[in-house]
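Colleague: Submitted below is the structure of interest, expressed as structure tokens.
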Amino acid sequence: MTDAPAASRPTRDRPALKDWSLDELGERCVEAGWPRYRGVQIAGWIYGRGVEDPAGMTDLPAELREGLAQRWALRSLEVAEVQRSRDGTVKARLRGDDGAEIESVLIPEGDRNTLCVSTQVGCPLACSFCATGALGFRRNLRVGEIVDQVCRMRELLPEGQRITNLVFMGMGEPLLNRPALVRAIRTFQEPKAFAFGPRKITVSTAGVVPQIGRLLDEVDVNLAVSLHATTDALRDELVPINRSFPLEVLLGALRESPHFSRRRPVFFEYTLIAGVNDAPEDAMRLVGRLRGIPAKVNLIPMNPHADSAARPPAAKAIDAFAEVLLRRGLRATVRRPRGDDIDAACGQLHNRRHPERAGVAAVGPA
Ligand code: SF4
């Protein structure tokens, strides 16, 4: 459980400080009768140094320190539960001020610590292999709730370590919450706040085509696309938003986008499911579909979960699939599942232990 000081626990009584940009924080300081530059100082403590108890903000005057937590909520989420995987992956259930719960996953790998961030409570897109999709949708996360996932999760790292990469691949479709997502990314990239570099942040989409260009016009981040199929018939089933934006529309938009190059490719996520999309013909078709797009393919063997009968292919079939792509010059890697013993792997986030706490009824596989 969290050890947050009572004054900084999430509450609806006070405005949430993490909902604001640094400029807005400066303005709020002026409204409170404090100099504008105090906003940057406060952000430096909270985001840069991870100090959320005003008593620890030692270069602020006593009157400001006292006023801070009385006026504004400094936390938007509290940690409800933490699970640690055998492989070092850490999953936390995080609770907002209305009781809605999400999950964030920390994936340590060598000198990298990647945080998988959620953007919605549940998800409306109902991808058939995804446990979050099976939950349905409750609401979008607020800016502060997206930002606070980094603050809460970095406290779970060993002393001296920091989160190095952010991937928006947790619960929800990020592009259906684009305004809050963009504001949160600006705080993550702000040098006086978290100072993440552009190539350290990846936003993953199931293919909400009209929002892709808008996102990339607004912020400089990596884009990942959850592809999973090479025919519309199969993708309609696996990723139902394909019925609105079929493969030619999605891939055509990416091919024509000015945002991508060999150095800044589109990352395609392709979940390999035994007997469904793992045949050599699928691999050949994938090569053809991606022609003309600067691309990198992440092959992800299906993470089995209770809400789906789908299973991963045998290791031999996975290697053969990757081989077809590599031989034809497509950059491809196989991503081994992480945290699957605690349901923290891709497509497994769904408050399995407490589905009722997500605030939505579990409706079963789509
Ligand atoms: S895979 Fe992503 S977009 Fe699809 S249902 Fe799951 S969370 Fe939503």
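Colleague: Say we look at the stretch 294-325 and pick out the residues that are surrounded by fewer than 21 Cβ atoms within 10 Å (Cβ to Cβ) and touching a helix residue (DSSP H, G or I) at 6+ places or on another chain (Cβ under 7 Å); which of these is farthest from residue 258 (Cα to Cα)?
Modeller: 320
Colleague: Sort out which residues of the stretch 67-97 are open to solvent by less than 30 Å² (accessible area, probe 1.4 Å) and over 20 Å from the mean Cα position of the chain (by Cα), and write them in order of number. Steps first, answer last, please.
Modeller: Taking the stretch 67-97 and keeping what is open to solvent by less than 30 Å² (accessible area, probe 1.4 Å), we get 67-69, 72-77, 79-80, 85, 89-94, 96.
67, 68, 69, 72, 73, 74 - these are the residues of the stretch 67-97 that are open to solvent by less than 30 Å² (accessible area, probe 1.4 Å) and over 20 Å from the mean Cα position of the chain (by Cα).
Colleague: Continuing with the same structure: Can you name every residue in the stretch 238-268 that is within 16 Å of the ligand (Cβ to nearest atom), surrounded by fewer than 16 Cβ atoms within 10 Å (Cβ to Cβ) and either of a type outside the set (S, T, N, Q) or part of a helix (DSSP H, G or I) (or both)?
Modeller: 243
Colleague: I'm trying to understand the selection: among the residues of the stretch 275-301, which are in contact with a Lys or Arg (Cβ under 6 Å, 6 or more places away or on another chain) and in a strand (DSSP E or B)?
Modeller: Start the filter on the stretch 275-301 by keeping residues that are in contact with a Lys or Arg (Cβ under 6 Å, 6 or more places away or on another chain), which leaves 287, 292-294, 296, 298, 300.
Once the filter is applied, which keeps residues that are in contact with a Lys or Arg (Cβ under 6 Å, 6 or more places away or on another chain) and in a strand (DSSP E or B), the stretch 275-301 yields 296, 298, 300.
Colleague: For the stretch 274-314, how many residues are among the acidic types (Asp, Glu) and free of Cβ contacts under 8 Å to residues at least 40 places away in the same chain?
Modeller: 1
Colleague: Could you tell me which residue of the stretch 29-39 is nearest to residue 158 (Cα to Cα), considering only residues that are of a type in the set (A, V, I, L, M, F, W, C) and buried (at least 17 other Cβ atoms within 10 Å of the Cβ)?
Modeller: Here is the first cut: in the stretch 29-39, the ones of a type in the set (A, V, I, L, M, F, W, C) are 29-30, 32, 34.
Subsequent filtering for residues that are buried (at least 17 other Cβ atoms within 10 Å of the Cβ) retains 29, 34.
On the way: 29: 34, 34: 36 Å.
Filtering first and then ranking leaves 29.
Colleague: Only one of 198, 191, 179 is modelled with pLDDT under 95, more than 16 Å from the ligand (Cβ to nearest atom) and farther than 14 Å from residue 117 by Cβ. Can you tell me which? Let's see the steps before the verdict.
Modeller: On the way: 191 fails: modelled with pLDDT under 95; 179 fails: modelled with pLDDT under 95.
So the residue among 198, 191, 179 that is modelled with pLDDT under 95, more than 16 Å from the ligand (Cβ to nearest atom) and farther than 14 Å from residue 117 by Cβ is 198.
Colleague: Residue 172 - would you say it is within 9 Å of the ligand (Cβ to nearest atom) and open to solvent by 10 Å² or more (accessible area, probe 1.4 Å)? Steps first, please.
Modeller: Working: within 9 Å of the ligand (Cβ to nearest atom): yes; open to solvent by 10 Å² or more (accessible area, probe 1.4 Å): yes.
So residue 172 passes the test.
Colleague: Those residues that are of a type in the set (A, V, I, L, M) and modelled with pLDDT under 95, I need them from the stretch 294-313; list them, please.
Modeller: 300, 302, 306, 309, 310, listed by residue number.
Here's the yes/no breakdown for (1) away from the ligand (no atom under 16 Å from the Cβ); (2) open to solvent by 30 Å² or more (accessible area, probe 1.4 Å); (3) at pLDDT 95 or above:
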residue	(1), (2), (3)
275	yes, yes, yes
292	yes, yes, yes
347	no, no, no
353	yes, yes, no
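Colleague: Can you go through 101, 109 and tell me which one is open to solvent by less than 10 Å² (accessible area, probe 1.4 Å), assigned by TED's automatic domain parsing to the domain that holds residue 241 and over 14 Å from the mean Cα position of the chain (by Cα)? Talk me through it step by step, then tell me what you get.
Modeller: On the way: 109 fails: open to solvent by less than 10 Å² (accessible area, probe 1.4 Å).
Matching residue, one of 101, 109: 101.
Colleague: Within the stretch 126-160, how many residues are at pLDDT 95 or above and either farther than 24 Å from residue 19 by Cβ or in the same structural domain as residue 19 (by TED's automatic domain parsing) (or both)?
Modeller: The number of residues fulfilling the criteria is 1.
Colleague: When the stretch 209-237 is examined, which residues are found to be crowded, with 19+ Cβ neighbours inside 10 Å, more than 21 Å from residue 261 (Cα to Cα) and of a type outside the set (D, E, K, R)?
Modeller: Matches in the stretch 209-237: 228, 229, 230.
Colleague: Let me ask something additional. Do we have residue 61 as surrounded by fewer than 19 Cβ atoms within 10 Å (Cβ to Cβ) and touching a Phe, Trp or Tyr at 6+ places or on another chain (Cβ under 7 Å) here? Spell out how you get there, then give the answer.
Modeller: Numbers: surrounded by fewer than 19 Cβ atoms within 10 Å (Cβ to Cβ): yes; touching a Phe, Trp or Tyr at 6+ places or on another chain (Cβ under 7 Å): no.
Considered against the rule, which asks whether it is surrounded by fewer than 19 Cβ atoms within 10 Å (Cβ to Cβ) and touching a Phe, Trp or Tyr at 6+ places or on another chain (Cβ under 7 Å), residue 61 comes out as no.
Colleague: For the stretch 41-54, name all the residues that are open to solvent by 60 Å² or more (accessible area, probe 1.4 Å) and either within 24 Å of the chain's Cα centre (by Cα) or closer than 16 Å to residue 192 by Cα (or both). Walk me through how you get there before you give the answer.
Modeller: If we filter the stretch 41-54 for residues that are open to solvent by 60 Å² or more (accessible area, probe 1.4 Å), which is where we start, we get 49, 53.
Passing the criteria: only 49.
Colleague: Does the stretch 130-163 hold any residues that are within 16 Å of the ligand (Cβ to nearest atom) and open to solvent by 70 Å² or more (accessible area, probe 1.4 Å), and which are they?
Modeller: If the condition is that a residue be within 16 Å of the ligand (Cβ to nearest atom) and open to solvent by 70 Å² or more (accessible area, probe 1.4 Å), then 137, 138 are the ones that fit.
Colleague: I've got another one for you. May I ask you to say which residue of 114, 119 is hydroxyl-bearing (Ser, Thr, Tyr) and either within 16 Å of the ligand (Cβ to nearest atom) or open to solvent by 20 Å² or more (accessible area, probe 1.4 Å) (or both)? Break it down into steps so the answer makes sense when it comes.
Modeller: Details: 114 fails: either within 16 Å of the ligand (Cβ to nearest atom) or open to solvent by 20 Å² or more (accessible area, probe 1.4 Å) (or both).
Matching residue, one of 114, 119: 119.
The values are calculated or read from the model by the stated rules, or taken from the named source; none is laboratory data. All values derive from a computational prediction rather than experimental measurement. Please note: Cβ atoms are built from the backbone with ideal geometry, for glycine as well, and neighbour counts cover all protein chains shown. Accessible surface is based on the protein model in full, side chains and every heavy atom, while ligands, DNA and RNA are left aside. Shrake-Rupley method; radii C 1.70, N 1.55, O 1.52, S 1.80 Å.
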